[in-house]
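To start, the structure itself, in structure tokens.
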Amino acid sequence: MSAFKTFATLGAAITLLTASAALDAQMIVGTWVRTSTKTAPGKMTMTVEPCCGSGYKLTYRFAVGQQQTMLMTVASPFDGSEVPVLVDGKPSGETMAIKRIDDHHASTVLRMNGEPFGTSRSTLSADGKTISVVNDVTNAASGMPTGQSTETWVKQ
């Protein structure tokens, strides 16, 4: 379950960092669904809400069993500062440092118990309907296999 949680955190947190202007911010706020792939199976949703000044609160929902849903939340000012990742309201040991690069790009540094384990880069499409996230896991201690993977999120 730790690996799934970490994978969800990789893509989801970075995706929210993509908007900076007021109009762009409205494009990112809402509910997003991750497209299922071989490396990222199953349905996952991300709800994005404004918070933290010019930042966002990301709430991820994904199934961990037949009838159980896990909630993962990250509240970030999107200025590169490290913030905790909460799972079902409790600290998970994971942190994210999300930084807005421009109105359509963001980057994230991921840590587990203080040790860096990966990065993510996100790109918001010109029409504001799709976010592409490239994850690069560099440390298997996170519970995820090392290497690069790509996620696609579609706005609902």
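The lysines whose alpha-carbon is closer than 20 Å to the alpha-carbon of LYS38, local same-chain residues fewer than 8 away aside, are LYS5. A protection proxy built from the mean count of other Cβ atoms within 10 Å ranks the segments 118-131, 65-78, most packed first, as 118-131, 65-78.
Once the Cα-Cα distance is subtracted from the 0.36 nm per residue extended length, the GLN68 to SER81 segment shows a gain of 1.5 nm. Under 5 Å between amide hydrogens, built in the peptide plane, is the criterion, and for SER36 it picks out nothing among residues at least 5 positions away or on other chains. Site pair LYS129 and THR37 shows an inter-label distance of 2.0 nm when each label is modelled 7 Å from Cα along Cα→Cβ. Among the aspartates and glutamates, which fall within straight-line cross-link reach of LYS43, defined as a Cα-Cα distance under 20 Å, with same-chain neighbours fewer than 8 residues apart omitted? Partners found: ASP88, GLU151.
Taken together, the values in this text are just the output of simple stated rules run on the coordinates, not laboratory data. Everything numeric here is computed off the predicted structure, so don't read it as measured data. Here Cβ is always computed from backbone atoms with ideal geometry, including for glycine, and neighbour counts include all displayed protein chains.
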